[in-house]
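For reference, the structure is listed below as structure tokens.
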Amino acid sequence: MVHAVVATAWGGAEVIEVVEVPAVPPGPGEVVVAVRATAVSPFDVKRAAGLIGRDPAALPLRLGNELAGVVTAVGPDPTGFEGGRLAVGDAVLGQWLDGAQAEEVTVPANALLHKPPSLGFSEAAALLGSGTTAAHALAAVGLAEGDVLLVHGASGAVGGMVAQLARLGGASVIGTASPARHERLRAAGVTPVAYGPGLADRVRALAPGGVDAAVDTAGTDEALSVSLDLVAAPRRIVTLVNYGAAEAAGAQWIGPGGETERIRPAAREDLVRRAAAGGLAVPVAASFPLAEAPAAYALQAEGHAGGKILLLP
Ligand SMILES: NC(=O)c1ccc[n+]([C@@H]2O[C@H](COP(=O)([O-])OP(=O)(O)OC[C@H]3O[C@@H](n4cnc5c(N)ncnc54)[C@H](OP(=O)(O)O)[C@@H]3O)[C@@H](O)[C@H]2O)c1
């Protein structure tokens, strides 16, 4: 048996428990990973709350989808994401691995990449979910060198990645965040601005030449309406959250399905290379032992952690 995080009902941190589940031997194309670090993301909070689906048969619901760890057993033909075979002892990372919040998971080998030694297990577990989403968002708005990009939620896990990748792509970035995070944004080369009433005027003052594109990770009506005020072409605005309103206004949204399944996996190897080489910072806001999963969910639900939240089994 291994310990795993589950939602026992639909709700907040109070429904999160760490329970024993059977260990599963690896089948063809599968490997067993001893998890060293696994992320708790807003998506996990939404799943536990029943916002993604409410099938009673799914309870207790295993949670998590990003991890880094060490391969402890392999099934027949354990071909990894990069094409080579995985072996016992390999350090790996991966995303889209259902039930990743556990001491040990049995998962498809082809979802796992080798973890370079220079990338810590925590950074590795925190990298792919926000990194691939950020790469997708920038592709969606067609970011070009010299653009001025407005990032709503630049102090968050995804927004922080969007800002970094945009800067690496030669854009100037104005990022919204609560004032306590402004110094950190400035140090990362981002021009910070407080969200809240008057946001459009504050951004205009910071970007007299205009804003070319916007990425909304905050999901507020303010983020969308300010983006529509400031960006001439609505198609150069993308939201990760506020789907219906964005579509009605001619802006874009990105989420599960469609292009996501092509663009995000295609971004993985480049993100790993950049992070391992020190060219991409992976902000980890807080780490908890697996047994303290409810506290990690409570922090995530507040929406102001300032980076990824991890469980360390
Ligand atoms: N569609 C997709 O494919 C996809 C993929 C990944 C994530 N997401 C979604 O994207 C969102 C962000 O994810 P994340 O992991 O980056 O979350 P996060 O780390 O919690 O970041 C949240 C960000 O929102 C800011 N914020 C909080 N309240 C705000 C408000 N009232 N107005 C403006 N900004 C506010 C926070 O700023 P301060 O902390 O400075 O206050 C922070 O920068 C979540 O809803 C998540 O589910 C969607």
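The table that follows gives values for the structure above.
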quantity	calculated
Hits in the range 194-222 (condition: within 22 Å of Ala144 (Cβ to Cβ) and aliphatic (A, V, I, L, M))	Val203, Leu206, Ala207, Val211, Ala213, Ala214, Val215
Scan of the range 207-224 for residues that are under 25 Å from Gly306 (Cβ atoms) and exposed (fewer than 15 other Cβ atoms within 10 Å of the Cβ), ordered by number	Asp221
Candidate set: the range 104-134, residues that are of a type in the set (S, T, N, Q) and more than 13 Å from the ligand (Cβ to nearest atom); chosen: the one surrounded by the fewest Cβ atoms within 10 Å (Cβ to Cβ)	Ser118
Single condition Asp229 does not satisfy, out of (1) surrounded by fewer than 15 Cβ atoms within 10 Å (Cβ to Cβ); (2) closer than 30 Å to Ala7 by Cα	(2)
Selection count where residues are out of contact with any strand residue (DSSP E or B) (no Cβ under 8 Å at 6 or more places or on another chain) and polar (S, T, N, Q), scope the range 128-181	3
Qualifying positions in the range 182-196 - touching a residue at least 12 places away in the same chain (Cβ under 8 Å) and either touching a strand residue (DSSP E or B) at 6+ places or on another chain (Cβ under 7 Å) or loosely packed, with under 15 Cβ neighbours inside 10 Å (or both)	His182, Leu185, Gly189, Val190, Thr191, Pro192, Val193, Ala194, Tyr195, Gly196
The range 269-307 - residue that is over 24 Å from Leu165 (Cβ atoms) and within 11 Å of the ligand (Cβ to nearest atom) and, of those, surrounded by the fewest Cβ atoms within 10 Å (Cβ to Cβ)	Glu302
Only listed residue being touching a Lys or Arg at 6+ places or on another chain (Cβ under 8 Å), farther than 26 Å from Gly156 by Cα, among the β-branched types (Val, Ile, Thr) and surrounded by 14 or more Cβ atoms within 10 Å (Cβ to Cβ), chosen from Val5, Val21, Val31	Val21
So Ala137, is it in contact with an Asp or Glu (Cβ under 8 Å, 6 or more places away or on another chain) and surrounded by 20 or more Cβ atoms within 10 Å (Cβ to Cβ)	no
First in the range 18-29 and at pLDDT 95 or above, second anywhere and basic (Lys, Arg), Cβ under 8 Å, 6 or more apart	Val21/Arg62
All positions within the range 68-87 that are crowded, with 18+ Cβ neighbours inside 10 Å and of a type in the set (Gly, Ala, Ser)	Ala68, Gly69, Gly80
Selected residue [of a type in the set (Phe, Trp, Tyr) and touching an Asp or Glu at 6+ places or on another chain (Cβ under 9 Å)] from Tyr243, Tyr297	Tyr297
Positions within the range 86-108 being closer than 17 Å to Gly75 by Cα and either of a type outside the set (A, V, I, L, M, F, W, C) or touching a Lys or Arg at 6+ places or on another chain (Cβ under 8 Å) (or both), in sequence order	Gly89, Asp90, Ala91, Val92, Glu104, Thr106, Pro108
Selection status of Leu168, surrounded by fewer than 21 Cβ atoms within 10 Å (Cβ to Cβ) and assigned by TED's automatic domain parsing to the domain that holds Arg236	yes
Filter pass, Leu310 being more than 13 Å from the ligand (Cβ to nearest atom) and crowded, with 17+ Cβ neighbours inside 10 Å	no
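The values are calculated or read from the model by the stated rules, or taken from the named source; none is laboratory data. Model, not experiment: these values are computed from the prediction. Cβ: placed from backbone, ideal geometry, glycine included. Neighbour counts: every protein chain shown.
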